[in-house]
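The values are calculated or read from the model by the stated rules, or taken from the named source; none is laboratory data. Model, not experiment: these values are computed from the prediction. A quick note on method: Cβ atoms are made from the backbone with ideal geometry, for glycine too, and the neighbour counts reach across all protein chains shown. In case anyone asks, the SASA skips ligands and DNA or RNA and just uses the protein heavy atoms, side chains included. Shrake-Rupley method; radii C 1.70, N 1.55, O 1.52, S 1.80 Å.
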Amino acid sequence: MIHTDALVIGAGPVGLFQAFQLGLLGLSVEVVDALPFAGGQCMALYPDKPIYDVPGVPVCTGRELTQSLLQQAAPFLPRADAGSAHVHQHLHLGQLVQSLTATADGAWTVTTDRGLVFQAQSVLIAAGAGAFLPRGLGVAELDGAINVHHHLTEDDSVAPPWAGQHLVVAGGGEEALSAVLAIAQAAQPAHRPSRLTLLHRRDVFQADAALEAAVRELIHRGSVQLEIGLPQSAECHSVTEGDAVQALSLLGADGQTRSLPLDHLLVRLGLSPKLGPLSTWGMALERKQVNVSTATFATSLPRVHAVGDINTYPGKKRLLLCGFHEATLAAHALAVELRPDAPSHLLYTTTSPVLHQRLGV
Ligand SMILES: Cc1cc2nc3c(=O)[nH]c(=O)nc-3n(C[C@H](O)[C@H](O)[C@H](O)COP(=O)(O)OP(=O)(O)OC[C@H]3O[C@@H](n4cnc5c(N)ncnc54)[C@H](O)[C@@H]3O)c2cc1C
């Protein structure tokens, strides 16, 4: 059981700024996201595209904005080394929040699909359009198999599970082709697979021309094998940790079925947001969005606030700037609610020794 003043659901740009604002006001904070990386839409949908309307930042990519937000929130989500990987303390990734249950003393018990349990004095929902979950191939045997992946390793210093083995990348869009390119050209040769296959249902890709040309060149040179076929089923075998896929059964354009043996499968068919569990938590919703007060961003549940793309109110605009404003007001409202006896006058980061101490500057 992890105890905290505030639990932020969603590590998108607004959830990360929410953590910063809560920490600045002296509240302890934990952040949870279903994705294995922070940044929400900025990282899942447009990591390398430019953003031009963040105040004071003439231009930055989705990835750069995420890195800046993580850096800004680092006093409250400090970076730590875990073996060869880098993680942020109090940031729990790859965890889908499932239930939100009120406790007798006005707090909330929050659980995730991978067994984390939080006891939180307050909850801030920064869930965007819902939890980003990877689209599957529609083959039942692949669900939960230990060698089926959906994401690239974020940390270049860590060897991916497919290093030195046969990796099949499934998909024909931007996500699949950019993954093939990144994997084939991994900076450390030891991190590359021994064999790399791109599997798609037809020999037509949906990606920008330069990316497609680069992947076609790899196929032409024989660095990547192209396999055309529709996955029908999978052969699995049991290992200590669970089931592992050994081969995919593919239906070819000629109507024949053949087997594609593999060591690892990376399914890159994109991510789709699912509102999922959130819709059962009992909050007032309007067209899958959470109704909030525009003064405090409180929902209809006590000590539960909603910020960013997930909320709705008259005049709502789904923009980063608006989400950052909402996170600031929600943090101030919660600080007063959780610490009614503490002084509530506004402090500036430029001049306040208290804030400097919290920021460690
Ligand atoms: C292509 C594109 C370009 C854009 N360009 C701009 C721009 O130029 N300027 C601008 O201001 N805005 C832009 N936006 C909008 C901006 O990206 C969003 O307003 C912003 O990402 C919202 O942030 P958020 O943190 O509220 O939600 P999100 O970024 O959606 O993050 C929500 C996070 O919550 C997680 N989550 C949800 N439910 C759960 C759960 N139950 N358990 C665990 N985790 C959960 C999700 O996995 C996700 O990571 C753009 C959007 C798109 C799609």
Derived scalar couplings ³J(HN,Hα) [the range 203-215; Karplus, 6.51 cos²θ - 1.76 cosθ + 1.60; whole Hz; x for Gly, Pro]: 8, 9, 10, 10, 8, 5, 4, 5, 5, 4, 4, 5, 6
Computed helical MRE - 222 nm, the chain, DSSP H runs ≥ 4 contributing -39500 (n - 2.57), nearest 500: -6500 deg cm²/dmol
For R216, net neighbour charge (Lys/Arg +1, Asp/Glu -1) across residues whose Cβ lies under 14 Å away: -3
Residue-count net charge about S249 - beta-carbon cut-off 13 Å; Lys, Arg +1, Asp, Glu -1: -2
Karplus (6.51, -1.76, 1.60) ³J(HN,Hα), θ = phi - 60°, over the range 306-323, in Hz, Gly and Pro reported as x: 10, 9, x, 4, 6, 9, 9, 6, x, x, 4, 10, 7, 10, 4, 3, 5, x
The range 154-248, accessible area per residue, ligands and nucleic acids excluded (1.4 Å, Å²): 50 Å²
Cα-Cα separations in the range 136-269 greater than 20 Å, expressed as whole percent: 43 percent
Average accessible area per residue (Å²) across the range 257-361 - probe 1.4 Å, nucleic acids and ligands excluded: 54 Å²
Sulfur and carbon atoms: percent of accessible area, the range 136-269 [1.4 Å]: 49 percent
Candidates D341, D113, D263, ranked by Gaussian network fluctuation over the chain, Cα under 10 Å, top entry: D341
Residue of P55, P277, P13 that the Gaussian network model of the chain assigns the largest fluctuation, springs spanning Cα pairs under 10 Å: P55
Share of Cα-Cα pairs in the range 258-361 lying beyond 20 Å, as whole percent: 58 percent
Zone of E235's modelled label, taken as backbone nitrogen in the range 120-163 under 19 Å from a point 7 Å along Cα→Cβ: 139-143, 145-148
In sequence order, calculated HN-Hα J values of the range 281-286 (Karplus, 6.51, -1.76, 1.60; Hz; x Gly/Pro): 8, x, 7, 5, 10, 9
With DNA, RNA and ligands ignored, accessible area of L347 (1.4 Å probe; Å², nearest 10): 70 Å²
Rounded to 5, the percent of DSSP beta bridges in the chain classed as antiparallel: 50 percent
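Report, to one decimal in Å, the Kirkwood hydrodynamic radius for the range 1-114 based on all distinct Cα pairs.
About 14.9 Å, per the Kirkwood formula over Cα pairs.
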Antiparallel content of DSSP bridges confined to the range 1-128, in %, to 5: 55 percent
When the chain is reduced to its Cα atoms, the Kirkwood hydrodynamic radius in Å: 22.2 Å
Amide H partners (placed H, <5 Å) of S99, local residues excluded: T111
Length-normalised contact order for the range 136-269 - Cα pairs under 8 Å, 6+ apart - percent: 35 percent
Under-5 Å amide H pairs with S233, H placed in peptide plane, nonlocal only: S249
